[in-house]
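Engineer: Quick one: the structure is below, and I'll ask about it shortly.
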Amino acid sequence: MSTPHQTPTQFRPQSPPAAITATGLRKSFGENTVLDGIDLDIPRGTVFSLLGPNGAGKTTAVQILSTLISPDAGKARIAGHDLVREPAKVRAAIGVTGQFSAVDNLLTGEENLLLIADLYGFGRRPARRLAAGLLERFDLVEAARRPASTYSGGMRRRLDIAMTLVGSPRIIFLDEPTVGLDPRSRHTMWEIVRGLVTDGVTIFLTTQYLDEADQLADRIAVLNGGRLVAQGTPAELKRLVPGGHVQLRFAGPDALERAARLLGTGTADADALTLQVPSDGSLTSVKAVLDRVDAAEIEVEGLGVDTPDLDDVFFAVTGRPDHAPRR
């Protein structure tokens with residue numbers, strides 16, 4: 001007796017599993033509503049950045065998701081665990097580096113790490129091996145026996161993150177980690193964040209620096225008035241704001257004039273031999289302009305693409321430039 005032919009199950013690519021999901025999170029302090037029903041879906045092994053004016057609720061969101069305070073309403077799962085019903089499991093899966101350093105200034109860098117390792121229950125030898133590895137990873141070996149009070153701001157931040165990693169967290173909340181750091185130290189921190197993501201760690205980043213979010217984040221959300229007013233990749237958010245253009249440079253005035261007539265839009269600069277054509281900066285938009293010019297056999301000598309930056313996006317969706325994050 002023959003069996004009916006069975007069609008193989010069609011392969012369907014799946015999205016990366018979520019590290020953090022939240023639905024309808026709300027939080028008020030008295031009559032002040034800080035979070036007014038926010039939804040999040042953050043894949044594992046990515047950097048998610050939360051932006052917003054000062055006082056928008058960024059730190060409150062971090063405090064809720066890291067179990068430091070309870071939401072008034074809404075649901076969330078962190079590393080697969082229910083935020084309200086399984087807070088201990090959530091805490092075991094996360095690390096938090098707040099705005100203010102948790103480093104003990106009276107202890108050396110090594111002693112700070114050994115103290116955290118002891119709190120996690122490591123034995124003496126495993127703790128020393130772990131501390132040595134973290135000191136080397138964060139370029140603190142030479143300063144290991146010095147009191148933390150002698151560390152620079154960048155060194156203290158590196159030690160702070162090293163202490164967070166003692167528990168091998170799968171998700172790390174970084175709340176404004178580079179405020180007050182010099183440019184070199186900020187870039188060092190960026191490399192540390194990228195290295196953590198390469199290792200599979202999920203980063204939830206709040207920052208006052210828009211360029212930091214642009215450099216690091218896979219996805220960005222903008223919080224304003226307790227609500228998420230925009231979400232997407234940095235490129236997607238920039239395309240929300242008009243004003244971008246493609247700039248074409250030509251060898252001579254004849255080519256410039258022909259291109260201007262062909263495209264029928266844009267601003268020509270006869271002195272610079274350039275034509276600025278409105279564009280959202282996407283590959284499809286730029287390619288469409290170049291294909292039209294190329295089909296007309298007009299030679300382009302140079303090409304530039306200018307798109308709105310995150311400053312423009314921030315101002316457009318919050319309308320509060322006087323409280324904007326720093327560039």
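The values are calculated or read from the model by the stated rules, or taken from the named source; none is laboratory data. Every value quoted in this text rests on a predicted model; they were computed, and no experiment measured them. No Cβ is skipped: glycine too gets one built from the backbone with ideal geometry, and neighbour counts run over all protein chains shown.
Engineer: What's the total number of residues in region 264-276 that are under 18 Å from residue 305 (Cβ atoms), modelled with pLDDT under 90 and out of contact with any His (no Cβ under 7 Å at 6 or more places or on another chain)? Walk me through how you get there before you give the answer.
Structural biologist: First pass over region 264-276, keeping only residues under 18 Å from residue 305 (Cβ atoms): 265-269, 272-276.
Then keep just the ones that are modelled with pLDDT under 90; that gives 265-267, 276.
Now narrow it down to the ones that are out of contact with any His (no Cβ under 7 Å at 6 or more places or on another chain): 265-267.
Here the count works out to 3.
Engineer: Now a separate question. Condition first: modelled with pLDDT under 95 and more than 30 Å from residue 195 (Cβ to Cβ). Now tell me which residues in region 1-28 satisfy that.
Structural biologist: The first filter runs over region 1-28 and keeps only residues modelled with pLDDT under 95, leaving 1-18.
Answer for region 1-28, where residues must be modelled with pLDDT under 95 and more than 30 Å from residue 195 (Cβ to Cβ): 1, 2, 3, 4, 5, 6, 7, 8, 9, 10, 11, 12.
Engineer: Same structure again: Can we say residue 258 is closer than 30 Å to residue 47 by Cα and touching a residue at least 40 places away in the same chain (Cβ under 8 Å)?
Structural biologist: Numbers: closer than 30 Å to residue 47 by Cα: no; touching a residue at least 40 places away in the same chain (Cβ under 8 Å): yes.
Spelling it out, it is not the case that residue 258 is closer than 30 Å to residue 47 by Cα and touching a residue at least 40 places away in the same chain (Cβ under 8 Å).
Engineer: Those residues that are surrounded by fewer than 13 Cβ atoms within 10 Å (Cβ to Cβ) and either closer than 18 Å to residue 160 by Cβ or touching a Ser or Thr at 6+ places or on another chain (Cβ under 6 Å) (or both), I need them from region 121-138; list them, please.
Structural biologist: 136
Engineer: Scan region 113-124 for residues that are outside any helix (DSSP H, G or I) and either in the same structural domain as residue 196 (by TED's automatic domain parsing) or within 22 Å of residue 201 (Cβ to Cβ) (or both) and jot them down. Show your work before the answer.
Structural biologist: Kept after step one, since they are outside any helix (DSSP H, G or I), are these residues of region 113-124: 120-123.
Matches in region 113-124: 120, 121, 122.
Engineer: Between a residue in region 187-215 that is over 19 Å from residue 59 (Cβ atoms) and any residue that is of a type in the set (D, E, K, R), which pairs come within a Cβ distance under 8 Å, given they are 6 or more apart or on different chains?
Structural biologist: 188/158; 190/212; 192/158; 200/44; 200/170; 201/170; 211/327; 214/309
Engineer: Here is a further query. Could you please find all residues in region 108-119 being surrounded by 12 or more Cβ atoms within 10 Å (Cβ to Cβ) and out of contact with any Pro (no Cβ under 7 Å at 6 or more places or on another chain)?
Structural biologist: The first filter runs over region 108-119 and keeps only residues surrounded by 12 or more Cβ atoms within 10 Å (Cβ to Cβ), leaving 108-118.
Across region 108-119, the qualifying residues are 109, 110, 111, 112, 113, 114, 115, 116, 117, 118.
Engineer: Also, I was wondering about something else. Just wondering, is there one or more residues in region 125-140 that are in contact (Cβ under 8 Å) with a residue 60 or more places away in the chain and either of a type in the set (Gly, Ala, Ser) or in a helix (DSSP H, G or I) (or both)? Steps first, answer last, please.
Structural biologist: Taking region 125-140 first, the residues in contact (Cβ under 8 Å) with a residue 60 or more places away in the chain are none.
No, because not a single residue in region 125-140 is in contact (Cβ under 8 Å) with a residue 60 or more places away in the chain and either of a type in the set (Gly, Ala, Ser) or in a helix (DSSP H, G or I) (or both).
Engineer: Can you find, within region 93-110, the residue that is farthest from residue 171 (Cα to Cα) among those that are assigned to a strand (DSSP E or B) and of a type in the set (S, T, N, Q)? Reasoning before the result, please.
Structural biologist: Taking region 93-110 as the starting set, the residues that turn out to be assigned to a strand (DSSP E or B) are 94-97, 108.
After this cut, where a residue has to be of a type in the set (S, T, N, Q) as well, the list is 97, 108.
Values: 97: 11, 108: 26 Å.
Ranking the candidates gives 108 first.
Engineer: On the given criteria, is residue 191 at pLDDT 90 or above, at negative phi and in a helix (DSSP H, G or I)?
Structural biologist: Details: at pLDDT 90 or above: yes; at negative phi: yes; in a helix (DSSP H, G or I): yes.
It is true that residue 191 is at pLDDT 90 or above, at negative phi and in a helix (DSSP H, G or I).
Engineer: Kindly state which helices (runs of 4 or more DSSP H) lie completely within region 210-327 and contain at least 2 residues that are exposed (fewer than 14 other Cβ atoms within 10 Å of the Cβ), among the aliphatic types (A, V, I, L, M) and more than 22 Å from the chain's Cα centre (by Cα). It would help to see each step written out before you state the result.
Structural biologist: Values: elements: 210-216, 234-238, 253-263, 283-295, 310-318.
Passing ranges, in order: 283-295.
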